[in-house]
Amino acid sequence: MGKRNESSSTDFILLGLFPGIKHINLLVSAILLIYTVALTTNSILILLIWVDSHLHTPMYFLLSQLALMDLTLISSTVPKMASDFFSVKRNISQVACGTQIFFFLTVGIAECIIITLMAFDRYVAICNPLRYTLIMSQKVCLQMATVSWAGGALISLMHTAYAMHFPICGSREISHFLCEVMAILKLACEDISAYEKAVVMTSIVVLLIPLSFILSSYALIFLSVLRMNSLEGRNKALATCSSHLTVVSLYFGPAMLVYMRPSSYHSPKLDQVLFMLGAILTPMMNPLIYSLRNKEVVGVLRNMLGRCLTSH
């Protein structure tokens, strides 16, 4: 009994989605529907890219990595949130909390890197097409994926270890539906101003520098597209790029608002809204944006469905 009390005293308590809000059942039901759609669409996208040889290109390989990251990102938050809601058991151990932070940050940072590399892929394809196969070789694509995952894990490990080492005084209640670095830091006894500066510096490296690189790449891409003689080629290039830019805005917007605002401007409700946009809605939107606006993916899906129906 003593051991159980001792372990529970180190647990955090997640207050959940918008405490006190009316019609929370509807909101949780909507989130579970989004989760189901995200799981289904991302899994189908990964399967199509893996199975069909027409999609064995650098662009689709990077897209399959983004879909895998989306699956991991949304799965690191929604199941725990739903479990807490239905069981009314809101506590989470210190180890589980650190694990959730680690996976969430790893995938979030990895997505940031992979989206930047996808912009580079489009830049090479449109601005330097003759050297595309040489530059974007299979080896380079595998290196890009490795750098994304490893870079995310390394930065995440440093932030998770540092954030979790702060002693907690008084209440261990987290005003959030997940364990999150900034929410944990609000409970710390010590002065965290130095660490907050480190978070801003990391955000500049992980968000602002890649975003400036992406925007520069697309500025050069649009200049090249305007010089194209083929109207069909111009429209195809613009369609691909507009899909990617939509994903960029969906991911970078909420992330910058969460991690680049001064701590005095943070409010639990606004943070939850931003996390729902970035960590729950975006993983559902990404495959829909890429697949519904992509004739190649839609064509492969139709062929696969056709083969399945004729075989039965």
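The values are calculated or read from the model by the stated rules, or taken from the named source; none is laboratory data. Keep in mind the model is a prediction, meaning the values are calculated, not measured. All Cβ positions, glycine included, derive from the backbone under ideal geometry; neighbour counts span all protein chains shown. Ligands, DNA and RNA are excluded from the accessible area calculation, which covers all protein heavy atoms including side chains. Shrake-Rupley method; radii C 1.70, N 1.55, O 1.52, S 1.80 Å.
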Taking the condition under 29 Å from Pro79 (Cβ atoms) and in contact with a strand residue (DSSP E or B) (Cβ under 6 Å, 6 or more places away or on another chain), does Ile115 pass?
no
Restricting to segment 21-39, name every residue that is among the β-branched types (Val, Ile, Thr) and either open to solvent by 70 Å² or more (accessible area, probe 1.4 Å) or on the phi > 0 side of the Ramachandran plot (or both).
Ile21, Thr36
Could you look through segment 63-95, keep only residues that are among the hydrophobic types (A, V, I, L, M, F, W, C) and in contact with a strand residue (DSSP E or B) (Cβ under 9 Å, 6 or more places away or on another chain), and pick out the one that is farthest from His176 (Cα to Cα)?
Ile92
With the requirement that a residue be touching a residue at least 12 places away in the same chain (Cβ under 8 Å) and either open to solvent by 40 Å² or more (accessible area, probe 1.4 Å) or in contact with a strand residue (DSSP E or B) (Cβ under 8 Å, 6 or more places away or on another chain) (or both), what does segment 209-229 give you?
Phe213, Leu220, Phe222
Any chance you could count how many residues in segment 48-67 are open to solvent by less than 60 Å² (accessible area, probe 1.4 Å) and in a helix (DSSP H, G or I)?
13
Being under 28 Å from Asp11 (Cα atoms), open to solvent by less than 60 Å² (accessible area, probe 1.4 Å) and of a type in the set (Asp, Glu) narrows it down to one of Asp121, Asp84, so name that one.
Asp84
Failed condition for Phe103, given (1) open to solvent by less than 60 Å² (accessible area, probe 1.4 Å); (2) among the hydrophobic types (A, V, I, L, M, F, W, C); (3) without any contact (Cβ under 8 Å) to a residue 60 or more places away in the chain:
(1)
Within segment 87-100, how many residues turn out to be farther than 27 Å from Ser43 by Cα and open to solvent by 40 Å² or more (accessible area, probe 1.4 Å)?
8
Could you tell me whether any residue of segment 13-33 is closer than 16 Å to Leu73 by Cα, touching a Leu at 6+ places or on another chain (Cβ under 9 Å) and either aliphatic (A, V, I, L, M) or modelled with pLDDT of 90 or more (or both)?
yes
Name the helices (runs of 4 or more DSSP H) wholly within segment 226-300 that hold at least 2 residues that are of a type in the set (D, E, K, R)?
231-259, 268-275
Condition broken by Glu232, with the remaining ones in (1) open to solvent by less than 60 Å² (accessible area, probe 1.4 Å); (2) farther than 26 Å from Val28 by Cα; (3) more than 19 Å from the chain's Cα centre (by Cα) satisfied:
(1)
Across segment 131-157, what is the number of residues that are under 26 Å from Val107 (Cα atoms) and loosely packed, with under 13 Cβ neighbours inside 10 Å?
7
Go through (1) of a type in the set (S, T, N, Q); (2) closer than 25 Å to Lys269 by Cβ; (3) surrounded by fewer than 19 Cβ atoms within 10 Å (Cβ to Cβ) and name the single condition Ser76 misses.
(3)
Kindly check whether there is at least one residue in segment 187-195 that is under 19 Å from Arg90 (Cα atoms) and surrounded by 14 or more Cβ atoms within 10 Å (Cβ to Cβ).
yes
Do you know which of the residues in segment 176-186 that are more than 17 Å from Ala279 (Cα to Cα) and touching a Ser or Thr at 6+ places or on another chain (Cβ under 9 Å) is surrounded by the most Cβ atoms within 10 Å (Cβ to Cβ)?
Leu185
